[in-house]
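Shown next, in structure tokens, is the structure this report addresses.
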Amino acid sequence: MRSLLGSSLSFIWLFMAISLVQAQTYNKTVFDTDGEPLEAGVQYYIRPAITDSGGPFSNILINNTCPYYVGQENSDASEGTPVTFTPFAEGETLIRESRDFKIEFQAITFCIQSLAWKVGETDATTGRRLIVTGEDDSTYSLLNYFHIIGTEIDNVYTLNWCPAEPCPINCGRPRCGEAGPLIEDGNRLVALDGTVLPVQFQRVDI
């Protein structure tokens, strides 16, 4: 009986320790390239954290047809298109790891639609899900919510799609995916389900 009780207590302590680590990671603040907290509503460039991986993220138009796709500039010398982050949690002013938020390009375009990022169609050739722009008009707008995961390197992160906060109970488990490059027809696009691209966030000087 004493051995069984000891095993039970050990399991409880282990569970509590794991839960504490998960909670700390869940609320961990994301930082920009200057080491400052990433703020909601502030404009940032998303840049690859490794060289020879394309330029900053940008909105790309394919065949002059809306909607815009999320992609990368071909050269790191280009600025790209700035984005803002809007947390799902009402009143939250900082962007935190593993927390859901919307990403939206800040640009003037001729496509009369939202520039919020959205998980789009599956590419017929690669089977990867492309990231496009536009609003998800379903009940919980799950396709519009992304989150950030930290890496072992300070201020370097990955972008992920695995919404939880907008619908924690009734929506089931989504087919989560990490964002990375997809080069197709001369365009450097961003898609899920393939090679992961580590990124950094550079605040826009206004």
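Each reported figure results from applying straightforward, stated rules to the coordinates on display, with no laboratory input. Predicted, not measured: the structure shown is a model, and the values here were computed from it. When we count neighbours, we look across all protein chains shown, and the Cβ atoms used for this are built from the backbone with ideal geometry, even at glycine.
Tabulate in residue order the Karplus-calculated ³J(HN,Hα) for region 77-83, using 6.51 cos²θ - 1.76 cosθ + 1.60 with θ = phi - 60°, rounded to whole Hz; enter x for Gly and Pro.
Using θ = phi - 60°, the values come out as 6, 6, 7, x, 10, x, 10 Hz.
Give me, ordered by chain and number, the residues 5 or more places off Asp193 or on other chains with an amide H under 5 Å from its own placed amide H.
Glu178
Residue-wise, which Karplus ³J(HN,Hα) couplings in Hz belong to region 56-70, taking 6.51 cos²θ - 1.76 cosθ + 1.60, θ = phi - 60°, and x for glycine or proline?
Rounded to whole hertz, the list is x, 5, 8, 8, 10, 9, 9, 6, 6, 10, 6, x, 6, 9, 7.
With angles folded into 0 to 90 degrees, how steeply does helix 2-26 sit against the dominant principal axis of the chain? Use alpha carbons for both and round to 10.
Around 20 degrees separate the two axes.
Along the Cα-to-Cβ line of Asn74, 7 Å from the Cα, sits a label point; which residues in region 28-58 have backbone N less than 13 Å from it?
In region 28-58, the label zone of Asn74 (backbone N under 13 Å from the point 7 Å along Cα→Cβ) covers 54-55.
Can you tell me, using C-alpha contacts under 8 Å and at least 6 residues apart, the relative contact order of region 31-203 as a whole percent?
For region 31-203, the relative contact order is 25 percent.
Would you mind counting up the charge near Phe31? Only other residues with Cβ under 13 Å from its Cβ, with Lys and Arg at +1 and Asp and Glu at -1.
-3
Compute the distance in nm between two label points, each set 7 Å from the Cα along the Cα-to-Cβ direction, one at Thr86 and one at Asn63.
3.0 nm
Sequence-distant or interchain residues sharing an amide H contact under 5 Å with Asp136, placed H: which?
Asn144
Answer rounded, prolate or oblate for region 114-187, using the Cα gyration tensor with square roots of eigenvalues a ≥ b ≥ c: rounded when a/c is under 1.5, else prolate when a/b is larger than b/c, else oblate.
oblate
Under 17 Å from a point placed 7 Å out from the Cα of Thr139 along the Cα-to-Cβ direction: which residues of region 156-191 have their backbone N that close?
Under cut-off, by backbone N: 163-174.
Hey, rough spin-label estimate for Cys176 and Thr109, points 7 angstrom out along Cα→Cβ, what's it come to in nanometres?
2.8 nm
Note the per residue figure in Å³ for the convex hull of the C-alpha positions in region 31-203.
123 Å³
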